[in-house]
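Worksheet for the structure shown next.
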Amino acid sequence: MKFIIFRLALLSILWVTGQALYAATTPQSLASNLTEDWYEFDISFTQFDPQTLQQISEKTQEDEEDEEFEEFEDEFAEDELDVYDPLETLNRGIFWFNDKLYFYVLKPIAKLYRYVPEPVRICTANFFSNLTSPIRIANAALQFKFPDAGRQLARFAINSTVGILGLFDPAKKYFALAAKEEDFGQTLGHYGIGPGFYIMLPFLGPSNLRDSIGRLVDLPLDPFIYILNDLEYLAVEAFDNINALSLDKNTYEAIKKDALDPYLFIRDAYFQFRAGKIKK
């Protein structure tokens, strides 16, 4: 109960801060203008020698590439999500904190943990995933996806028994019953509730108002809440994240390397990822 109150308090602080920032500032447009380079060839007084023909060919190819790029740009603009981020200043500060926490604390620990044999770490990930099955079952049912709810219930039953408390995944291997992620944030989105403003949560990473509320609603379905105290629960959550990070193939490092602005990339990718989950 203390942990639930703590999360509610954190969410309230973020909300109040967001309102203050929104009142003091106006959202800035993220649109950017593209410049186009135009090349002209005056061939009225030149001979059609091989060099001139090559220039004309290159000009034609450049024009075609420009047209293809403009078509791609228009298509991308249609799919681009309008992310509401009035807390950007605060979110960037939390992003900086999470970034340092990742590189200086979590990643070094995860690298050391990789000395544990990978099959053991996979079994650990299976165990924690199996424990979240009630969340998937309940939210699939709330969305009236009863076939999905039934499959997740069968998966939970098989893996909890034959799979030895979820350490193994015979439901997927032998019965083609894969985990289908569902949570209360997706349930709210399924019924047309928008994501609200973007939130970068300390330790937890990207979220939004809808998904943050969804986390709180899903919390009572976590069995560890009832058998562990607050510190023990946080320790178990940290261990689960370290284990998952040890199985990751440096995804975050690749984002940092290739993205011009990792904050914007992660923010937009999160909104697109969650929108895709809701549509499924």
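Structure notes:
- Residue, surrounded by the most Cβ atoms within 10 Å (Cβ to Cβ), within region 233-280, restricted to residues that are of a type in the set (Lys, Arg) and more than 22 Å from residue 210 (Cα to Cα): 256
- Of all residue pairs spaced 6 or more apart or on separate chains, those with beta-carbon atoms under 8 Å, a first member in region 207-222 that is in the same structural domain as residue 274 (by TED's automatic domain parsing) and farther than 11 Å from residue 183 by Cα and a second member that is surrounded by fewer than 19 Cβ atoms within 10 Å (Cβ to Cβ) and of a type in the set (D, E, K, R) are 207/215.
- The set of residues from region 169-189 being surrounded by fewer than 18 Cβ atoms within 10 Å (Cβ to Cβ) and touching a helix residue (DSSP H, G or I) at 6+ places or on another chain (Cβ under 9 Å) comprises 170, 172, 174, 175, 178, 180, 181.
- Residue match in region 262-271 (condition: free of Cβ contacts under 8 Å to residues at least 12 places away in the same chain, outside any helix (DSSP H, G or I) and farther than 16 Å from residue 101 by Cα): no
- Test: residue in region 128-135 that is of a type in the set (A, V, I, L, M) and touching a His at 6+ places or on another chain (Cβ under 9 Å): no
- Of the residues making up region 150-194, those that are of a type in the set (Gly, Ala, Ser) and under 23 Å from the mean Cα position of the chain (by Cα) are 178, 179, 185, 189, 192, 194.
- Residues that are crowded, with 17+ Cβ neighbours inside 10 Å and within 25 Å of residue 264 (Cα to Cα) occur at least once in region 107-123.
- Considering residues of region 132-149 that are of a type in the set (A, V, I, L, M) and buried (at least 18 other Cβ atoms within 10 Å of the Cβ) only, the residue nearest to residue 219 (Cα to Cα): 135
- At least 2 residues being touching a residue at least 40 places away in the same chain (Cβ under 8 Å) and aliphatic (A, V, I, L, M) is the threshold, and among the helices (runs of 4 or more DSSP H) wholly inside region 112-179 those reaching it are 118-131, 133-142.
The values are calculated or read from the model by the stated rules, or taken from the named source; none is laboratory data. This structure is a prediction, so every number in the text was calculated from the model and none was measured. Neighbour counts run over all protein chains shown; Cβ positions are idealised from the backbone, glycine included.
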